[in-house]
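So the structure is just underneath, and the comments pick up after that.
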Amino acid sequence: MKFTANRPLLLKAVKTALKVVQPSKEIPEIAGILIEADASSGLLTVTGTDVRTHIQRRLRQERVEESGSIILRPLIASVLDKLAGDTVSFQSDGNEVLICSGSASFSLPFLEVKAFPRLQIPFPEDTIQVQGINDLFHKTMFAADGKTTDSAKVSLQFVRLAFADGLTTAEAINSTYAAISTSPHCADGNLELFLHEKAVRILASIVGPSDELFVGISGKYAVFMKEDLFFSSMMFAGKYLSSSQMLSRFEPAYQAITDAGALMELTQNVSALFQGKDIPCVNLHIGADNITMLAETASGHSSSSIQAADTHPTPENGFHFDYRFLLDCLRHMSGPLRVLIDERGFLILEANQSRYFVCPRRPVHLETEKPKKKTRQKTANKAA
């Protein structure tokens, strides 16, 4: 293999492909990236995979003198980053590849490509054109539980992305909260995808807010494409717990309208009291014209209020929530915010075409330290 390429573009392609790469004892080859050069077409491709998800970047304007393919460790990104020249040349010989740019050169070992799980996904028969999914992903993917090991809850690892009737909806759910966000005029067709939380995070990091993508389904895989990028990920095929179906049965009993930024600042201020071992529990109460939040720990108490309108007050004792989950939702919201609570204390936050569902928790009962009983020391009478 022998080629010369634009160094900054190749570095960008390598960094993108490495986002999906992780160490593997079973398949050592996927701990690196596959670089392929085709002399007949002048095409240079860089591929990374964890078997479930593939990322491939393509460079079309490079000079390929000899075709070939090699697997390089993630160290290649540091090498390309340190080189100063605008172009870089690769030439493989034996089990090493010589990398040169300007007056600098590196010699790195490479792996054979035989065991690398190459892309064997046919081009989707039908695709739709989408734009703006990056924002939807950021507003919902945090609610998916990508680390759960419970086989009965495997669907909680996935984000649902649905294009239908001019609306695009992204939703995710775990055992504590749920997130749903919609956007109009995001796609020109109908499609439903179920993507793993890890794949969604990677895709959101490599796709810009204004990027136009062609999206389709090929067998078990969801496929996203643009000029120089091919992204595919295996989809969930079981029964999915839908956030939208769950929220459709929600019946609010209490409500208030306030500013999302103000409620986030209120939560941050009140929760500043908590230290490492404290249980992260705050009390939220809707009054006649305000929302009040309180916290109590062994270190002390904190409380604060913000103005609210269109209120239906809660009972005086309010409801209790984990403040961390409130902040997870509020950091994705802005402007007028609608706060809805049902009679059991389940909470919905609505703003900017997004809805977040948060489960209540039990209040914290602090144990007061009991004074220690003084022990009387018995003194022995000594005979004079």
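The values are calculated or read from the model by the stated rules, or taken from the named source; none is laboratory data. This one's a predicted model, so the numbers in the text were calculated from it and none came from an experiment. As a convention, Cβ positions derive from the backbone with ideal geometry for all residues, glycine included, and neighbour counts pool all protein chains shown. Heavy atoms of the whole protein, side chains included, go into the accessibility calculation; ligands, DNA and RNA do not. Shrake-Rupley method; radii C 1.70, N 1.55, O 1.52, S 1.80 Å.
Overview of values
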| read-out | value |
| --- | --- |
| Contact order normalised by residue count of the stretch 185-243, Cα under 8 Å, 6+ apart, percent | 32 percent |
| Diffusion constant of the stretch 196-328 at 20 °C, which comes from Stokes-Einstein with the Kirkwood Cα-pair radius and 1.002 mPa s, µm²/s | 115 µm²/s |
| Per residue value of the accessible surface for the chain (all protein chains in place, 1.4 Å probe), Å² | 53 Å² |
| For the stretch 15-98, alpha-carbon Rg relative to the globular expectation (2.2 N^0.38 Å, N residues) | 1.10 |
| Debye log10 I(q)/I(0) at q = 0.10, 0.12, 0.16 Å⁻¹ for the stretch 43-165, Cα point scatterers | -0.55, -0.74, -1.03 |
| For PRO209, net neighbour charge (Lys/Arg +1, Asp/Glu -1) across residues whose Cβ lies under 13 Å away | -2 |
| Potential extension, ARG60-LYS82 segment - 0.36 nm per residue separation minus Cα distance | 5.6 nm |
| Furthest towards positive pole of dipole, SER232, THR53, ILE27, structure part the chain, Cβ charges | ILE27 |
| For a label point 7 Å along the Cα-to-beta-carbon line of VAL51, residues of the stretch 13-39 with backbone N under 19 Å | 18-34 |
| Flagged links, alpha-carbon separation over 27 Å, of LYS82/LYS226; LYS139/LYS277; LYS2/LYS220; LYS147/LYS220 | LYS82/LYS226; LYS139/LYS277; LYS2/LYS220 |
| Rounded to the nearest 10 Å², the accessible area of MET141 at probe 1.4 Å | 20 Å² |
| Around ARG160: net Lys/Arg minus Asp/Glu count, Cβ-Cβ under 9 Å | -2 |
| Leading residue at positive end of dipole, the chain (Cβ point charges), from HIS320, ALA172, PHE158 | HIS320 |
| Dimensions in Å of the stretch 117-210 - Rg and Dmax from alpha carbons | 13.9, 38 |
| Pairwise label distance in nanometres, ILE257 with ALA309, each label 7 Å out on the Cα-Cβ vector | 0.6 nm |
| Length-normalised contact order for the stretch 18-108 - Cα pairs under 8 Å, 6+ apart - percent | 21 percent |
| Global form of the stretch 82-122, assessed from the alpha-carbon gyration tensor, a/c cut-off 1.5 | oblate |
| The chain: calculated mean residue ellipticity at 222 nm from DSSP helix runs of at least 4, using -39500 (n - 2.57) | -4500 deg cm²/dmol |
| Label assignment, volume of the Cα convex hull per residue in Å³ derived from the structure, set (i) 154; (ii) 140; (iii) 264 | (iii) |
| Computed FRET value (nearest 0.05) for GLN268 with ALA104, which takes r as the C-beta separation and R₀ as 45 Å | 0.40 |
| ASP93/LYS226 FRET efficiency (R0 45 Å; Cβ-Cβ; nearest 0.05) | 0.80 |
| Taking only Cα atoms of the stretch 106-154, radius of gyration then Dmax in Å | 19.0, 50 |
| Qualifying GluC sites (Glu not before Pro) for the stretch 195-280 [loop in DSSP, other Cβ within 10 Å: at most 11] | GLU227 |
| Mean Cα-pair separation over length for the stretch 146-271, i.e. relative contact order, pairs under 8 Å, 6 or more apart, % | 21 percent |
| Label-zone membership for the stretch 146-176, site SER244, 7 angstrom Cα→C-beta point, backbone N under 13 Å | 160-172 |
| Cα-based reach from LYS19 at 20 Å (exclusive), listing aspartates and glutamates while leaving out same-chain residues under 8 positions away | GLU29, GLU36, ASP50, ASP81, ASP135, ASP145, GLU197, ASP211, GLU227, ASP228 |
| Rounded to the nearest 20 debye, dipole of the stretch 284-340 from Cβ charges on Lys, Arg, Asp, Glu | 180 debye |
| Full-extension gain in nm, ILE27 to ALA115, via 0.36 nm per residue minus C-alpha separation | 30.9 nm |
